[in-house]
Structures are given as structure tokens and as C-alpha cells.
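Take a look at the structure set out below.
The values are calculated or read from the model by the stated rules, or taken from the named source; none is laboratory data. Keep in mind it's a predicted model, so treat the numbers as computed, not measured. Using ideal geometry, Cβ is built from the backbone for each residue, glycine included, and neighbour counts are taken over all protein chains shown. SASA here: full protein model, heavy atoms, side chains in, ligands and nucleic acids out. Shrake-Rupley method; radii C 1.70, N 1.55, O 1.52, S 1.80 Å.
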Amino acid sequence: LPGFVSVSWHGLFAPAATPPAILARLHREAVAALRQPAVAQRLADLGVTPVGSSPEEFRAFVAAETERWRDVARRAELRLN
């Protein structure tokens, strides 16, 4: 599609029934890991920009990405076999 830009991203997912307290702990620990200088440097060396968004922000991002790629597939007339 003309003018379309695509970038890769990664995130942590948990099962839908994961208790909120567990999600909060996972989020805290992941953000703490991303802030460690050695981790931050390694990611920078790989060209990765860590975000560490909240679970709610990430949920909204994934929903937007899903819709975006749904639209790309529709416009490109892609079909699953």
C-alpha cells in the first residue's frame, strides 16, 4: 500500500484470567528490568526503543494494531486458506 509504514514491536501477554495483582507485579518487574542500564544498553545496541507502557495502554495499542492490520488485509484482499 503506498505510503504505508510498518515497524515491529514486542510485548508481554498473560492469559485473560490472570488476576490484576499478578498483572501489576509483572508490569512492575518488566519496567524495572527495562530500566536496568545493562538491559537498556543492550536494547539500544539492537535498535530497540523500550516503552514499558501500562497494561491498559498496551491493550489499547494491541487493539489499534489489530484493527490497522485488519484494514491492510482487507485493502490488499488477503484471504486465509
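Projecting the Cα atoms of Val39, Ile22, Thr49 onto the charge dipole of segment 1-61, computed from C-beta unit charges around the Cα centre, puts Ile22 farthest toward the positive end. Of the DSSP H helices in the chain, those with a Cα length along their own long axis of 15 Å or more and a mean Kyte-Doolittle hydropathy reaching -1.0 comprise 20-35.
GNM on the chain, alpha-carbon springs under 10 angstrom: the most fluctuating residue among Ala44, Ala16, Ala60 is Ala16. Computed over protein heavy atoms with a 1.4 Å probe, the accessible surface of the chain works out to 86 Å² per residue. Net charge in the neighbourhood of Ala14 (other residues with Cβ under 12 Å of its Cβ; Lys, Arg +1, Asp, Glu -1) is +2. Neighbours of Ala63 by Cβ distance under 15 Å: Lys/Arg scored +1, Asp/Glu scored -1, total -2. Net length available on complete extension from Leu26 to Leu12 is 4.2 nm, with 0.36 nm assigned per residue and the Cα-Cα distance removed.
Remark: the chain projects, on average over all directions, an area of 7.6 nm² (convex hull of Cα atoms).
For the chain, the share of accessible area belonging to carbon and sulfur comes to 61 percent (1.4 Å probe, ligands and nucleic acids excluded).
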